[in-house]
1. Looking at the stretch A:352-386, which of its residues are loosely packed, with under 13 Cβ neighbours inside 10 Å and of a type in the set (D, E)?
2. How about the stretch B:1-35: which of its residues are polar (S, T, N, Q) and under 21 Å from B:P208 (Cβ atoms)?
3. Applying the selection to the stretch A:94-134, what residues are assigned to a helix (DSSP H, G or I), farther than 28 Å from A:M196 by Cα and either among the polar types (S, T, N, Q) or touching a residue at least 60 places away in the same chain (Cβ under 8 Å) (or both)?
4. Please list, ordered by residue number, the helices (runs of 4 or more DSSP H) wholly in the stretch A:262-358 having 1 or more residues that are of a type in the set (S, T, Y).
5. Please return the ranges of helices (runs of 4 or more DSSP H) entirely within the stretch A:140-196 where 1 or more residues are hydrophobic (A, V, I, L, M, F, W, C), crowded, with 17+ Cβ neighbours inside 10 Å and in contact (Cβ under 8 Å) with a residue 24 or more places away in the chain.
6. Being in contact with a Phe, Trp or Tyr (Cβ under 9 Å, 6 or more places away or on another chain) and closer than 23 Å to B:Y324 by Cα is the filter here; which residues of the stretch B:206-224 pass it?
7. Go through (1) open to solvent by 50 Å² or more (accessible area, probe 1.4 Å); (2) at negative phi and name the single condition A:K72 misses.
8. For the stretch B:254-268, which positions are in a loop (DSSP other than H, G, I, E, B) and either of a type in the set (V, I, T) or free of Cβ contacts under 8 Å to residues at least 24 places away in the same chain (or both)?
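The values are calculated or read from the model by the stated rules, or taken from the named source; none is laboratory data. These figures come from a predicted structure and were not determined experimentally. Quick reminder, even Gly has a Cβ in these numbers, built from the backbone with ideal geometry, and neighbours come from all protein chains shown. In case anyone asks, the SASA skips ligands and DNA or RNA and just uses the protein heavy atoms, side chains included. Shrake-Rupley method; radii C 1.70, N 1.55, O 1.52, S 1.80 Å.
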Amino acid sequence: MNIQEIAKKEHEEKLKLASEDRQYYADKMKEFGLKPMDRFLKYLPNPSTNMKKGITFAHKDFEIITKAMANKEPWAVVSGLNPSGPLHFGHKQVFDELLWMQQQGADVYIPITNDESYVVDKAKSLAESRRIAYEQVIPSIIAMGFNPKKTHIFVDSDYLDIYNVAMDVSKKTTLNKAFKIFGFNQTEKEENPGTMFYRSAVQIAQILLPQYPEFGGPKPVVVPVGIDQHPYIVLSRDVALKKSFIPPAELVMRFLPGLKGPGTKMSASVVGSSIYLTDSIEVAKQKIEKAYTGGSVSAEFQRKHGGVPEICPIFLLLKYHFLNKEQSDKLYLEYKGGKILNRELKERAFEYVSKYLKKHQTEMKKAKRKIDKFILKKEIKSILRE
Amino acid sequence: MILKELLSQKGLIMQSPKTEEIKKGVEFIKEPIKIFYGETYDEYGNTLDSMKYYFFVDNIAQSLKQEGYETDPIIMVADIAACRNVSPHLHKKYMDLGQERVKFIEKIKKIYNLNLRIIKMSDYIEKKEFQEKIKKVEDICKKDPSLMKMVEKTVPESKIELERKKGFAYSFDEITTILNLNIKIGPPRENLYDNIAREIAKREKSKPLISIYLTPAFPLGVDYDFFIAHEGIEEHGITAYKAGSKRLQSFRIIIGKTTKVEAKKLIEKSFLSANPKLPNPVLDVGIISEMARKRLEGEDTPITLYDNFYNGRISPKKLKESIYNSLCTNILNKLQ
């Protein structure tokens with residue numbers, strides 16, 4: 001095959017991947033009974049940038065949140081993360097949404113699930129994941145500009161009350177239900193019991209925590225998730241009803257693919273798949289240069305037939321983090337139309353990324369001194385009272 | 001106001017045939033052109049939203065008159081239809097409410113100097129002529145599955161079995177009532193009945209009904225969250241003439257019941273967007289109040305409020321203030 005033939009084949013494969021990606025999300029939305037965000041985009045006075053760009057693209061019951069927003073009633077958002085490494089741009093998109101929610105009145109709860117990191121073998125020890133949480137993850141979150149009065153961060157292994165809450169919620173479900181929702185085949189059977197306890201009890205406890213009396217009782221809560229995390233919401237909604245809480249709403253986001261291309265995630269376990277918010281400028285540059293793109297091996301072919309922005313991690317990095325809707329739409333057309341080639345796209349991405357990293361890392365240094373203001377210390381005594 | 005100007009008023013007209021089509025549709029009619037608006041009611045009172053239709057029926061009659069046509073503007077109070085929706089022990093109460101609605105329209109007619117003929121459904125429904133007509137309409141529809149499907153569509157899905165048992169009496173009353181009219185004014189959802197009437201007219205080789213739909217009514221005092229949660233509300237809104245439509249009677253201006261203080265609160269708390277594609281209940285109050293003012297002052301010009309707001313000549317805050325003042329001056333003070 002000559003280069004043009006290779007380029008043609010590659011282009012067709014990329015188009016197919018883009019089409020499969022679209023179909024995957026459409027099918028999942030249907031399967032899970034999720035609704036699109038159209039009405040929120042129409043009516044919200046100030047929808048989030050992620051909503052405008054279609055990154056936050058579906059929901060379940062988000063109406064309960066807009067009702068609380070419009071009536072200035074208390075509401076909360078819960079979004080946890082696994083401290084198996086520093087934050088990367090895949091995490092940042094969720095925190096951008098959380099920041100928007102805080103600006104709209106939400107109390108933000110961020111469980112740092114170092115227990116999960118440990119039980120699923122993403123961290124060598126609880127101590128290691130705890131260290132990463134305090135040294136890298138929490139300062140990075142704070143550096144993004146959260147308001148300490150409305151942000152409640154806790155590291156699971158340090159906030160032991162979460163396990164009392166986990167015991168409390170576990171009484172409202174069954175292993176049978178948990179197996180049905182999360183699956184329990186041979187792979188799961190080989191896992192340690194902690195994984196199932198984490199998924200079916202601790203995770204649900206984190207989601208329902210803001211509705212406990214210590215935090216003001218039942219209130220609308222939303223959880224931003226990737227579409228594969230829908231089962232957690234199903235279980236937590238079920239438990240919420242049994243506890244006379246409000247079933248949590250779900251906001252579904254498309255996740256930034258890893259730099260290795262479609263189907264990959266930004267993950268600490270895959271070398272070179274993520275740009276960490278702690279990466280040096282030089283490392284970030286190398287990662288961008290080596291990244292997969294939606295373009296072609298042949299510049300001539302790409303000029304003629306265009307790229308496939310839908311599956312290009314570099315285009316998506318720009319879209320998700322640095323461009324507004326109009327800029328992103330413009331770049332999409334330029335890349336799709338072959339007016340912008342991979343080199344230029346990567347140069348643009350590097351320019352934005354390097355500026356962001358410099359600023360973020362400076363803020364992180366300052367943030368380390370503020371950690372205590374953000375850590376949740378409230379004791380949960382209501383479940384211990386007779 | 002010439003017909004073209006009347007039908008071009010943004011924020012008031014939802015859908016209308018072109019002036020030429022209307023003129024063509026009414027040419028060679030020897031009798032005065034029947035311009036019709038019919039409404040039911042409920043126990044919660046007379047809505048401000050109904051007034052939009054009373055004013056408009058009079059407006060279009062005047063415009064056609066200026067064009068040289070004889071007109072017969074009719075407001076029909078569907079007392080029998082209103083009774084069909086309530087249990088039998090409430091029939092007497094609802095017939096009395098129908099009489100009250102007639103009195104209310106008479107009052108509007110007098111204060112705003114409207115030339116309207118007010119009729120009640122009970123005045124004609126039992127007459128032999130109408131009963132024969134209903135029978136004929138039922139026969140035509142029952143023989144044609146496509147027409148029966150259209151009749152079924154006039155009923156909400158949740159009530160279809162109940163209505164089937166009643167033989168779709170409400171729908172057939174409505175279709176028969178509008179069958180030999182010339183121009184019908186109504187909210188957009190009435191196209192379900194109007195289309196059947198046009199289909200029947202086509203089969204009977206008679207002049208088809210001309211429909212003009214005014215913008216739907218929306219609740220006041222609710223914010224964006226209400227509209228987000230009510231999918232599809234943009235299309236049909238709430239029933240203009242039934243104050244308790246969708247149990248939102250506390251979010252409507254009910255003439256004689258809603259105080260000025262309550263009206264002010266409702267307007268202030270209402271959703272107001274600069275996007276003309278979204279519902280604008282505040283502007284609607286403004287347009288009705290403006291129609292009232294024009295009637296009181298004898299001014300025969302188009303409404304400009306829609307353009308003034310959406311072109312940014314008036315701020316949302318100012319719009320709410322001025323609309324409240326206009327509502328008080330031109331409607332509430334006159335009717336309370």
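1. Correct list: A:D372, A:E379, A:E386.
2. B:Q15, B:S16, B:T19
3. Correct list: A:D96, A:E97, A:M101, A:Q102, A:Q103.
4. In the stretch A:262-358, A:313-321, A:325-336 are the helices (runs of 4 or more DSSP H) which contain 1 or more residues that are of a type in the set (S, T, Y).
5. Fully inside the stretch A:140-196 and qualifying: A:161-170, A:175-182.
6. B:L214, B:A217, B:F218, B:P219, B:L220, B:G221, B:V222, B:D223, B:Y224 - these are the residues of the stretch B:206-224 that are in contact with a Phe, Trp or Tyr (Cβ under 9 Å, 6 or more places away or on another chain) and closer than 23 Å to B:Y324 by Cα.
7. (2)
8. Correct list: B:T258, B:T259.
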